[in-house]
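Here the structure comes first, spelled out in C-alpha cells, and everything after it is commentary.
The values are calculated or read from the model by the stated rules, or taken from the named source; none is laboratory data. These numbers were taken from a predicted model, which means no experiment stands behind them. Reconstructed Cβ throughout: ideal geometry from the backbone, glycine too, with neighbour counts over all protein chains shown. In case anyone asks, the SASA skips ligands and DNA or RNA and just uses the protein heavy atoms, side chains included. Shrake-Rupley method; radii C 1.70, N 1.55, O 1.52, S 1.80 Å.
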Amino acid sequence: MKAVVTICSSRKDPSPGLLPAMTRYQGSHVGKARAEAASLGAPLYILSGKFGLIRGDTPIPNYDYHLKEETPGLAALVASQLSTEEITDMDFLCLDEKAWQPYGAVLTRAAELAGAVLTIRKS
C-alpha cells in the first residue's frame, strides 16, 4: 500500500482528551500532507517521536516531545509498524530544516529495514 507521511508538529490543539492525530497536530505541513493524501487517495500517516508511525485518524492525547536525534529503537518500531500496516511505498513530505533531520533518518532506516520504497519530497 502507498501512504503519504509527514512528521508531527510542536503546534498542537490543546484540547483535553484524545483527538485524531491529523487534528491534534496543527502545523501547516500536516494540512498540506493531508491534502496530498486525499488527492492521491492514499492514507495519511504521521511520524511521531513518541508514538512512531501513526495513521492520521488515530486518536492521541496532547503531549510535548521533540525527537532530537535518530534512535535505533524508534527506527525498528517504525519498520514493524510499516509491516503491520502493509505500507510498501511512502511519499515523505518534509521541510528542509535541521529539526526535521532526525525524523527523516528514522524513516529512511525504517524503510530500509522493512523493504519499503521511500520517496522524499522536500517543500
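Key figures for this structure:
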quantity: Surface accessible to a 1.4 Å probe, Leu53 within the full protein complex, Å²; calculated: 10
quantity: Sequence-separation-based contact order of the stretch 46-123, relative, with Cα cut under 8 Å and 6+ spacing, percent; calculated: 34
quantity: Contact order relative to length of the stretch 38-90, as percent, for alpha carbon pairs under 8 angstrom and 6 or more apart; calculated: 28
quantity: Given charges at beta-carbon only (K, R positive; D, E negative), |dipole| of the stretch 22-88 in Debye; calculated: 200
quantity: Charge dipole (debye, nearest 20) of the chain; +1 at Cβ of Lys and Arg, -1 at Cβ of Asp and Glu; calculated: 280
quantity: Sorted largest first, extent of the stretch 5-45 alpha carbons per principal axis (Å); calculated: 32, 16, 12
quantity: Max mean-square fluctuation residue, GNM over the chain, Cα-Cα springs under 10 Å, options Thr84, Thr108, Thr58; calculated: Thr84
quantity: Cα gyration tensor shape for the stretch 1-82, rounded if a/c is under 1.5, else prolate or oblate; calculated: oblate
quantity: Percent carbon-and-sulfur accessible area, the chain, ignoring ligands, DNA and RNA, probe 1.4 Å; calculated: 53
quantity: Radius of gyration and Dmax over the Cα atoms of the stretch 56-100, both given in Å; calculated: 12.8, 30
quantity: Residue-normalised accessible area of the chain, given per residue in Å² at a 1.4 Å probe; calculated: 51
quantity: Separation between Cα centres of the stretch 45-91 and the stretch 106-123, rounded to whole Å; calculated: 12
quantity: Placed amide H near Met90: partners under 5 Å, 5+ positions off or other chain; calculated: Ala3, Val117, Leu118, Thr119
quantity: Antiparallel DSSP beta bridges within the chain, percent to nearest 5; calculated: 35
